[in-house]
Every structure is written in structure tokens, then in C-alpha cells.
Amino acid sequence: MSRMVQCSRLKKEAEGLERAPYFGELGQRILDNVSKQAWQEWLKHQTMLINEYRLTPVDPKARKFLEQEMEKFFFGEGSTAPEGFVPPAA
């Protein structure tokens, strides 16, 4: 049986992650409060941030920025797209 969580992003009960997708305290908060669906949404949003801001994920400043955006995405006011961002046509 799947592990269920009260997802902080979706504001409903949903299937939870099987293990912490990130290290440390933030990873544990994500495991306890974020659904698989919301995590997949984050991965798409993170990819957009990396591409639009031309981030190098191994750069400590870029990792710190992404961690802050992840915190906002799941537990804060939400992470927004860069100004002027136009999503690709489907």
C-alpha cells in the first residue's frame, strides 16, 4: 500500500514519496509533507529555473538559490517563473 501524506502544495491527501528526495532537514520535511505529484511539478519548475537563469547546479550559489526556491515552492508563497518567461507551446 502506498504511503499517503497531506501534501503542502496540493492541499489534499495524496500518495507520498518513498524516500527523502533531498538531504537534511528540508529533505525530511519534503518526505513528510509533499506528494509524488507535487515533487514531479517541482522537477519541471526546477528545470525551467536552471534553464532560464542559466544555472550550473554544481555551483554553491546556484544550489542555494534552488534550495530557497524549493522551500518557497512547497512551503511558502510559491516559486515564480522569471519575469518575461513564456512557456513553450504544447
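No value in this document is a laboratory result; all are computed from the given coordinates. Predicted, not measured: the structure shown is a model, and the values here were computed from it. For neighbour counting, all protein chains shown are included, and Cβ atoms are generated from backbone atoms with ideal geometry for every residue, glycine included.
Mind listing whichever residues of the range 35-90 are in a helix (DSSP H, G or I), over 12 Å from the mean Cα position of the chain (by Cα) and surrounded by fewer than 12 Cβ atoms within 10 Å (Cβ to Cβ)?
Across the range 35-90, the qualifying residues are ASN51, PRO60, LYS61, LYS64.
Within the range 9-34, track down each residue that is farther than 20 Å from SER79 by Cβ, surrounded by fewer than 15 Cβ atoms within 10 Å (Cβ to Cβ) and touching a helix residue (DSSP H, G or I) at 6+ places or on another chain (Cβ under 9 Å).
GLU15, GLU18, ARG19
Applying the selection to the range 39-89, what residues are of a type in the set (A, V, I, L, M), touching a residue at least 24 places away in the same chain (Cβ under 8 Å) and under 19 Å from LEU17 (Cβ atoms)?
Answer for the range 39-89, where residues must be of a type in the set (A, V, I, L, M), touching a residue at least 24 places away in the same chain (Cβ under 8 Å) and under 19 Å from LEU17 (Cβ atoms): just MET70.
Would the range 2-24 turn up any residue that is under 16 Å from the mean Cα position of the chain (by Cα), free of Cβ contacts under 8 Å to residues at least 12 places away in the same chain and assigned to a helix (DSSP H, G or I)?
The answer is yes; a qualifying residue exists.
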